[in-house]
1. If Cys94, Cys144, Cys238 are ordered by their accessible area, calculated over protein heavy atoms with a 1.4 Å probe, which sequence runs from highest to lowest?
2. Please give the helix 316-326 orientation as an angle from the longest Cα principal axis of the chain, in degrees from 0 to 90, rounded to the nearest 10.
3. Just to confirm, what accessible area per residue do you get for the chain at 1.4 Å probe, in whole Å²?
4. Just to confirm the number: angle between the C-alpha axis of helix 166-175 and the first principal axis of the chain, 0 to 90 degrees, nearest 10?
5. When the chain is fully extended, how far beyond the present Cα-Cα distance does Glu358 get from Ser100, taking 0.36 nm per residue of separation?
6. Using only Cα atoms and rounding to the nearest 10 degrees, what angle (0 to 90) does helix 378-389 make with the longest principal axis of the chain?
7. Taking amide H positions as placed in the peptide plane 1.01 Å from N, state which residues far from Leu375 in sequence (5 or more) or on other chains have amide H under 5 Å from it.
8. Return the carbon/sulfur percentage of the accessible area of the range 25-176, one whole number, probe 1.4 Å, all protein chains in place.
Amino acid sequence: MSDHKLHPQTLAIRAGIHRTAENEHAEVIYPTSSYLFDSAEQAAARFAGDEAGNVYSRYTNPTVRGFEERLAALEGADAAVGTASGMAAILTSCMALLQSGDEIVCSRDVFGSTTILMSKYLGRMGIKTHYVPLTDLDAWRAACNSRTRLFFLETPSNPLCEVADIAALSALAEGVGAICAVDNCFATPALQRPLDLGAHLVIQSATKYIDGQGRCLGGAVVGAQQHIDEVIAFLRSCGPCMSPFNAWVFLKGLETLSVRMHQHSKSALELAQWLQQQKAVEKVHYAGLQDHPGHALAASQMDAFGGVLSFQVRGGKVAAWKVINSTQLLSHTANLGDAKTTIVHPATTTHGRISPEERAAAGISDGLVRVAVGLEHIEDIKADLELGLSQI
Ligand SMILES: *Cc1c(COP(=O)(O)O)cnc(C)c1O
């Protein structure tokens with residue numbers, strides 16, 4: 001065997017393939033809930049865990065396994081496990097790795113459902129979460145105590161594209177005996193590999209860029225075998241696992257992920273620079289811009305800056321709604337990570353459930369508009385935004 005190491009772009013296409021005797025070229029979908037045993041002896045051995053092999057698709061499914069192997073290769077991890085959605089990945093990680101009395105330190109502006117999971121449901125079970133500003137290392141340190149077991153963060157953040165120092169936060173977590181989990185949904189392994197920077201766990205919502213065309217829900221937890229084994233144990237018994245069809249869509253999505261992420265990033269940077277020149281726009285938030293406070297850090301830990309940006313228009317909510325309501329091409333939806341460009345007003349949708357004070361503290365103003373730049377021609381995206389911007 002040659003010791004030539006394959007590049008990520010190649011692993012995205014070649015890892016996790018298990019051909020059958022039919023010699024099919026594309027990956028196979030295994031739509032089966034259970035598997036046959038050759039003998040009573042084999043059934044007993046499989047149930048006892050003495051023999052490897054499929055038993056039931058809540059435990060293992062070959063298509064899901066292919067996706068898990070390919071994603072683990074891309075994140076540079078021992079192992080990955082597929083889940084029913086991104087939220088199922090976060091829930092499963094918390095259930096597997098935490099217990100009553102443990103505490104979480106979490107960045108303030110994580111995905112809305114993550115906040116609900118932590119504050120409402122984990123809170124009920126005696127797991128307390130402290131929310132801190134993503135980029136304030138001292139605040140993370142101050143929130144730690146002897147019960148801290150998990151750091152949870154997203155970088156770049158939604159919708160302001162703030163950038164966290166993954167290496168510094170991972171080291172801080174390790175120092176207090178906690179696991180540092182990074183929700184890598186916005187960057188994907190094509191642009192950022194948190195485990196290489198010292199993080200212990202990566203969470204993915206495959207629903208977003210890994211699918212890339214808005215077709216199905218899925219997620220994954222990626223990390224060291226010891227952690228993934230615990231996550232799998234919870235998942236097998238409790239059930240929020242990935243469907244084989246969805247795993248197949250994500251396997252195909254991974255093949256084009258790097259090409260897509262670089263094009264999303266290229267268009268987002270061009271759009272961000274154009275928006276900065278529009279007189280109706282007060283501020284543009286995109287880590288690819290030189291004047292963004294997280295630019296240097298993002299440049300050091302990411303290959304490109306991703307497809308999501310936000311901008312603040314003059315005139316608050318009325319103006320922001322005018323921009324959104326004037327679009328004719330862009331998709332008005334809260335989703336992101338699609339070939340289709342999407343636009344949304346965070347203050348009244350994705351971040352509408354948090355109080356106005358908390359929103360203000362997080363810097364999410366009423367004039368803020370978020371765009372997840374898709375793969376259409378950039379001039380068409382600009383022209384569509386100009387319809388509303390020109391009226392402000
Ligand atoms: C969408 C999203 C999730 C949740 O993923 P689902 O697949 O919708 O459950 C988690 N984190 C981030 C950053 C997301 O954007």
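1. Numbers: Cys94 5, Cys144 30, Cys238 80 Å².
Result of the area sort, largest leading: Cys238, Cys144, Cys94.
2. 70 degrees
3. Values: 17050 Å² over 392 residues.
It amounts to 43 Å² per residue over the chain.
4. That works out to roughly 60 degrees.
5. Details: separation 258, 0.36 × 258 = 92.88 nm, distance 2.69 nm.
Going from the current span to full extension adds 90.2 nm.
6. 50 degrees
7. Here Lys340, Thr341 satisfy the definition.
8. Numbers: 3450 of 6460 Å².
So the carbon and sulfur contribution to the accessible surface is 53 percent.
The values are calculated or read from the model by the stated rules, or taken from the named source; none is laboratory data. Computed from a predicted structure; not experimentally measured. Using ideal geometry, Cβ is built from the backbone for each residue, glycine included, and neighbour counts are taken over all protein chains shown. Quick note on the areas: whole protein, heavy atoms, side chains included, nothing else; ligands and nucleic acids left out. Shrake-Rupley method; radii C 1.70, N 1.55, O 1.52, S 1.80 Å.
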